[in-house]
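The values are calculated or read from the model by the stated rules, or taken from the named source; none is laboratory data. This structure is a prediction, so every number in the text was calculated from the model and none was measured. Here the Cβ positions follow ideal geometry from the backbone for every residue, glycine too, while neighbour counts run over all protein chains shown. When the accessible area is computed, the model is the full protein with side chains, heavy atoms only, and any ligands, DNA or RNA have been set aside. Shrake-Rupley method; radii C 1.70, N 1.55, O 1.52, S 1.80 Å.
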Amino acid sequence: MNEESRLRGIVLDVVTIAVLALVLLPIIWVFIASIRPDADIMTRSLIPARITFDHFANIFARADFLVALRNSLIVGAIVAICTVLIAIPAAYSLSRFTYLGRDFIGFLILATQMLPAVAVLVPIVVIIRSLGMANTLTALTFTHLALGLPIAVWMLKGYIDAVPRELEEASIIDGSSQIGAMFRITLPLIRPAVVAVGTFAFVLSWGEFILALALITSAEVKTLPLALQTLFDPYSFSWGVVMAGGVVIAAPTIVLFLLFRNQLVGGLTAGGIKG
Amino acid sequence: MSDIKVTNLRKNFGAVEVLKDINLDIRSGEFVIFVGPSGCGKSTLLRCISGLERISGGALEIGGRVVNNVPASKRGIAMVFQSYALYPHMSVRENMAYSMKLRRAPKTEIEVRVADAARKLQLAPYLDRYPRELSGGQRQRVAIGRAIVRDPQVFLFDEPLSNLDAALRVATRLEIARLKESLPQTTMVYVTHDQVEAMTLADRIVVLNAGRVEQVGTPEELYERPQSLFVAGFIGSPKMNLLKAEDGTTTGIRPEDINLGSGPHRGKVAYVEYLGADSYAFLDIGQDELLTVRQTRSETPQVGDVVSYDYPVERVHRFDAQGMRVN
Ligand SMILES: Nc1ncnc2c1ncn2[C@@H]1O[C@H](COP(=O)(O)OP(=O)(O)OP(=O)(O)O)[C@@H](O)[C@H]1O
Ligand SMILES: [Mg+2]
């Protein structure tokens with residue numbers, strides 16, 4: 001290695017660390033603030049002098065927060081499962097079959113992503129209100145599904161495209177049906193992508209705020225991001241509790257990532273399919 | 001019984017007719033090889049037989065049964081793909097057992113058959129490896145093993161050796177020849193670009209050209225009596241010398257049938273290719289193309305020599321202006 005490339009390596013390392021710090025610092029700060037007594041939160045030091053779990057005890061003692069947690073879990077899980085169940089056949093069909101209008105359908109699915117989410121917000125809210133479905137978790141589930149599905153379909157299509165057709169043909173010659181080949185050959189090969197798509201859909205629904213805000217007003221169907229907002233209570237406001245709420249919202253994303261780390265990273269570096 | 005009968009088979013991709021009126025009779029237990037230039041439809045014909053492609057017209061029978069509408073999975077065939085198409089997420093053992101598992105064969109029978117095929121192909125030490133952990137030649141043998149385990153009526157190969165290096169290709173070719181001996185009941189259809197593979201392995205060769213069958217015959221028939229100019233030029237390496245006359249007819253003579261040293265004809269040696277056991281001399285005889293002469297090592301002429309040559313008249317192939325054989 002020569003001087004120049006070593007210098008470049010060092011510069012790149014420094015930039016990476018700086019960017020990481022910039023991204024991670026607020027998150028670390030939230031986490032630390034959530035285990036500090038309120039009096040200490042505004043101190044400059046990042047190292048907590050006193051540790052308390054009162055904020056968490058506090059937040060989990062609130063009925064409205066627990067309801068919101070339950071709602072978010074239900075909506076997120078259903079959205080994740082349905083996204084996977086719908087996106088797999090959709091992506092498979094777009095990738096493997098030829099039929100009239102296939103490419104146009106593929107384009108339409110992609111085209112939905114060209115509009116910013118806020119642009120479709122108003123029509124969606126109007127439609128759901130006029131269906132009388134405002135303030136229901138069902139409505140929220142459907143809108144979240146619609147939000148995530150297009151990307152999910154295209155992500156999976158990319159992975160299915162990368163699985164050589166000959167593998168399925170070999171399976172068909174070995175005696176399976178086309179659907180059997182999909183289940184026995186293609187799906188196992190794209191499993192990391194399926195896990196990634198499910199995780200993505202869950203995280204998307206879990207953290208979604210604007211649609212929830214527009215569709216939901218009554219307390220018993222609020223989701224976590226909305227509940228977090230109600231923590232800014234003008235009479236008994238505590239930064240510590242808000243931070244604890246933030247940690248609770250961030251937790252599943254981190255847990256999911258740790259749980260499926262191998263799958264997700266495997267999905268990002270998916271080789272090993274060819275040959 | 002596993003004879004294959006192809007009658008007036010046609011295959012279109014959209015508006016393009018890729019196979020035109022193909023008629024073939026492949027006997028039970030026969031080893032038939034499809035050869036032809038790239039894009040002539042060899043793979044497509046093989047895939048039509050396998051059932052991976054639907055045929056657009058005509059009839060296809062396997063073992064006396066019309067299989068036009070029988071799916072690939074029910075045709076009793078096995079296929080070895082050019083890319084091997086091994087299942088990456090399964091071990092060698094699982095790859096080979098896959099078809100029997102689909103058939104819900106008893107576990108013990110699966111084990112016996114896999115072990116049998118593995119022994120035949122010297123794959124026993126690799127049964128628990130994954131395809132990515134194998135060399136190209138080993139992958140190829142697994143692909144063949146996977147096909148053997150199925151105990152198919154018909155065995156299809158699409159250029160199975162083309163991804164192997166020269167030495168491995170020779171070794172695997174011998175293995176396929178042995179495989180053919182050990183499965184005398186199984187009909188085999190094999191696609192290749194390689195002349196040597198075709199000549200050494202085939203009971204009969206089918207020469208395809210632009211979606212049509214040019215000629216069907218034993219390697220000897222094709223070599224000794226090509227029925228058309230196309231076959232004459234395609235079979236044999238180095239190529240047959242084809243000398244065009246004024247009236248559009250063509251005279252063909254194989255490079256090894258020309259004797260240098262004496263005779264009524266004369267040519268100047270333009271260059272010489274030395275191959276060890278023999279060598280090719282290219283003579284300028286005042287035509288567009290050089291005349292190729294195959295010589296044994298001891299008789300190699302020098303570049304620039306003017307030599308006389310002759311050929312036995314009974315070794316000459318004559319073709320009319322339409323390119324069809326006349327003698
Ligand atoms: N799925 C397809 N759709 C459209 N055209 C196709 C398709 N498959 C093959 N073709 C065309 O059919 C013709 C024959 O193809 P095929 O693969 O059978 O040739 P081949 O003889 O096997 O050639 P090679 O020796 O290069 O493998 C080619 O012109 C090819 O472009
Ligand atoms: Mg081919």
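Yes/no matrix, rows are residues, columns are (1) farther than 30 Å from A:Leu228 by Cα; (2) in contact (Cβ under 8 Å) with a residue 24 or more places away in the chain:
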position: A:Phe31; (1), (2): no, yes
position: A:His55; (1), (2): no, yes
position: A:Ile86; (1), (2): yes, yes
position: A:Phe97; (1), (2): yes, no
position: A:Thr112; (1), (2): no, yes
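Reported count of residues in the range B:145-163, each being within 16 Å of ligand 2 (Cβ to nearest atom) and either touching a Ser or Thr at 6+ places or on another chain (Cβ under 7 Å) or at positive phi (or both), is 4. Listed by first and then second residue, the pairs linking a residue in the range B:111-139 that is without any contact (Cβ under 8 Å) to a residue 12 or more places away in the chain to a residue that is small (Gly, Ala, Ser) and in a helix (DSSP H, G or I), with Cβ atoms under 6 Å apart and 6 or more places separating them unless they lie on different chains, are B:Ala124/B:Ala118. When B:Gln153, B:Gln140 are checked against the criterion of being away from ligand 1 (no atom under 16 Å from the Cβ), within 24 Å of A:Gly175 (Cα to Cα), buried (at least 17 other Cβ atoms within 10 Å of the Cβ) and more than 12 Å from chain A (Cβ to nearest Cβ), a single residue qualifies: B:Gln153. Restricted to the range B:303-321, and to residues that are more than 26 Å from the chain's Cα centre (by Cα) and in a loop (DSSP other than H, G, I, E, B), which residue is nearest to B:Glu246 (Cα to Cα)? Result: B:Ala321.
When A:Ser171 is tested against the conditions (1) in a helix (DSSP H, G or I); (2) without any contact (Cβ under 8 Å) to a residue 60 or more places away in the chain; (3) of a type outside the set (A, V, I, L, M, F, W, C); (4) open to solvent by 10 Å² or more (accessible area, probe 1.4 Å), the lone failure is (4). The residue that is farthest from the other protein chains (Cβ to nearest Cβ), among those in the range B:62-73 that are more than 17 Å from B:Asp158 (Cβ to Cβ) and touching a Gly at 6+ places or on another chain (Cβ under 8 Å), is B:Gly63. Can you tell me how many residues within the range B:156-206 are crowded, with 21+ Cβ neighbours inside 10 Å and within 16 Å of ligand 1 (Cβ to nearest atom)? Adding up the residues that qualify gives 13.
The strands (runs of 3 or more DSSP E) found wholly in the range B:1-61 and carrying at least 1 residues that are among the basic types (Lys, Arg) occupy B:4-13, B:16-26. Under the condition of being at pLDDT 90 or above and part of a loop (DSSP other than H, G, I, E, B), the residues counted in the range B:271-302 number 2. Of all the listed residues (A:Ala117, A:Ala87), the sole one being at pLDDT below 95 and open to solvent by less than 90 Å² (accessible area, probe 1.4 Å) is A:Ala117. Just one of the numbered conditions (1) away from chain A (no Cβ under 14 Å); (2) at pLDDT 90 or above; (3) more than 16 Å from ligand 2 (Cβ to nearest atom) is not true of B:Leu208: (3).
Within the range B:227-270, the set of residues being assigned to a strand (DSSP E or B) and within 31 Å of the chain's Cα centre (by Cα) comprises B:Ser228, B:Asn241, B:Leu242, B:Leu243, B:Lys244, B:Thr250, B:Thr251, B:Gly252, B:Ile253, B:Asn259. Residue check: B:Glu109 meets all listed conditions (1) in a helix (DSSP H, G or I); (2) within 16 Å of ligand 2 (Cβ to nearest atom) but one, namely (2). The one condition from (1) touching an Asp or Glu at 6+ places or on another chain (Cβ under 7 Å); (2) away from chain A (no Cβ under 11 Å); (3) in contact (Cβ under 8 Å) with a residue 40 or more places away in the chain; (4) within 15 Å of ligand 1 (Cβ to nearest atom) that B:Phe31 does not meet is (4). Of note, B:Thr218 satisfies the criterion of being modelled with pLDDT of 95 or more and surrounded by fewer than 19 Cβ atoms within 10 Å (Cβ to Cβ). Whenever a residue of the range B:41-61 is within 14 Å of chain A (Cβ to nearest Cβ) and within 12 Å of ligand 1 (Cβ to nearest atom), its partners that are open to solvent by 30 Å² or more (accessible area, probe 1.4 Å) and among the basic types (Lys, Arg), lying with C-beta atoms within less than 9 angstrom and at least six residues away or across chains, give the pairs B:Cys48/B:Arg54; B:Glu53/B:Arg47.
Considered as a group, the residues in the range B:13-28 that are open to solvent by 40 Å² or more (accessible area, probe 1.4 Å) and within 15 Å of ligand 1 (Cβ to nearest atom) include one that is farthest from the other protein chains (Cβ to nearest Cβ), and that residue is B:Lys20.
Of all residue pairs spaced 6 or more apart or on separate chains, those with beta-carbon atoms under 9 Å, a first member in the range B:85-104 that is within 10 Å of another protein chain (Cβ to nearest Cβ) and open to solvent by 40 Å² or more (accessible area, probe 1.4 Å) and a second member that is among the β-branched types (Val, Ile, Thr) and assigned to a helix (DSSP H, G or I) are B:His89/A:Ile185; B:Lys101/B:Ile110. For the range A:69-76, the criterion of being more than 30 Å from A:Ile190 (Cβ to Cβ), surrounded by 11 or more Cβ atoms within 10 Å (Cβ to Cβ) and aliphatic (A, V, I, L, M) is satisfied by at least one residue. Taking the conditions (1) more than 14 Å from chain B (Cβ to nearest Cβ); (2) surrounded by fewer than 18 Cβ atoms within 10 Å (Cβ to Cβ); (3) over 27 Å from A:Arg184 (Cβ atoms) in turn, A:Ile59 satisfies each one other than (2).
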